[in-house]
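Report on the structure given below.
Read-outs: derived from the displayed coordinates by stated rules, not from any lab. Predicted model only: the values in this text are computed from it and were never measured. As a convention, Cβ positions derive from the backbone with ideal geometry for all residues, glycine included, and neighbour counts pool all protein chains shown.
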Amino acid sequence: MGGNFHNSSGLPHFTLTGLPGLETSQHWVFLLLGALYMVSTVGNGLILFIIKEEQSLHQPMYYFLSLLSINDLGVSFSTLPTVLATYCFHLREISFDSCMAQMFFIHLFSFMESGILLSMSFDRYVAICNPLRYATVLTNVHMLCMGLSVFIRSFCMVFPLPFLLKRLSFCKTNILSHAYCLHPDLIRLPCDDVTINNIFGLFIVISTFGLDSALILLSYVLILRSVLAIASREERLKTFNTCVSHICAVLIFYVPMVGVSMAARYGRHAPQYVHTLMSLVYLFVPPMLNPVIYSIKTKEIRQRLCKILLGTKF
């Protein structure tokens, strides 16, 4: 039976799905996703351009924002080929190697996003709790090391996943739940024992998302304690206002992720399109909203953006 679903190299093909139960709305969904891709690409591209051109933004906080924008572009471009093929051209089949490559990059950029958000929380912690040491702690060399460590950690976590899947036997119709390849979706399909895959998957989630979210929470407990120690109410608000954009970025990244995880565990009786929509929110909304939030909340970015788009200062 297994031969029906394997190619000449012995590796299976997978079938991508759009929105089960909403097939008649696929074109509208693609238009919506196309709009999200456009906003994400243009928005993050503009953020990178403005930070490069605006001298006043050449400081640690905005260097980390540049990394976040590059990463968000990576997330968008990782899902684009198969989403385009599924929703627009109705091409559903994907080879094993292509699926593994896409899974690798989607999870790599997801783990990197978590690490970048942690680095940004450290930046806010030092700026508010130890402002006199800010220039010596967050030097260009230290920021480069932080960026490299985020990449290396994420790469090391994701690198084994394709090899752990390649050793398994796939002996049934390999239909995925989404228009792209995700590890939790793929480990439902093999006929072999996937205990090692499940344990390793849980380990990398806890050691990245779990650890990062705990450290981000700790940094904000310390930031809040420092802010509340400031005598003037106006100064407290002004200081905490520098964290609002980052708090929003953290929430729009972690809340959909928790939602997807909870739905997978406790929403098994919900229609399949609910799970698919939640995963779309998780992958598509943060890259779109991050540049919008930072454009609204950062005066220099807002002014430069208005100058580019309207030819006037805001």
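Rounded to the nearest 0.05, the FRET efficiency derived from the C-beta distance between residue 95 and residue 159 at R0 = 25 Å is 0.80. Counting Lys +1, Arg +1, Asp -1, Glu -1, what net charge surrounds residue 298 among other residues with beta carbon under 13 Å of its beta carbon? Charge balance in the 13 Å sphere: +2. Exposure proxy shown here: for 235, 54, the number of other Cβ atoms within 10 Å sets the order, fewest to most, as 235, 54.
Taking Lys and Arg as +1 and Asp and Glu as -1, the other residues whose beta-carbon sits under 11 Å from that of residue 16 total -1. One chain, two ends: residue 199 and residue 225. Fully extended at 0.36 nm per residue, the span grows by 5.6 nm beyond their Cα-Cα distance.
Of all complete DSSP H helices in the chain, those with a Cα span along the helix axis of 30 Å or greater and a mean Kyte-Doolittle hydropathy of 1.0 or more are 26-53, 96-129, 244-266. For the pair residue 192 and residue 263, a Förster radius of 30 Å applied to the C-beta separation gives a FRET efficiency near 0.70, rounded to the nearest 0.05.
Determine the sum of side-chain charges near residue 245: Lys and Arg each +1, Asp and Glu each -1, restricted to other residues whose C-beta is under 13 angstrom from that of residue 245. In short, +2. Taking the centroid of alpha carbons for each part, segment 129-187 and segment 193-263 are 17 Å apart. Using a 4.7 Å Cβ-Cβ cutoff, the cysteines of the chain lacking any partner cysteine are 88, 129, 145, 156, 243, 248, 306. Most tightly packed first, judged by the mean number of other beta-carbon atoms within 10 Å of their residues, the peptides 148-156, 280-288, 92-100 read 280-288, 92-100, 148-156. All C-alpha to C-alpha distances of segment 13-310, sorted into 10 Å bins beginning at zero, yield P(r) values of 6, 25, 33, 22, 11, 3, 0 percent in whole numbers. Quick check on segment 220-273: take the gyration tensor over C-alpha atoms, sort the square-rooted eigenvalues as a ≥ b ≥ c, and tell me if it's rounded (a/c under 1.5), prolate or oblate. It is prolate, given that a/c is not under 1.5 and a/b is the larger ratio. The lysine pair count for the chain, using Cα distances under 20 Å and pairs eight or more places apart or on different chains, is 10.
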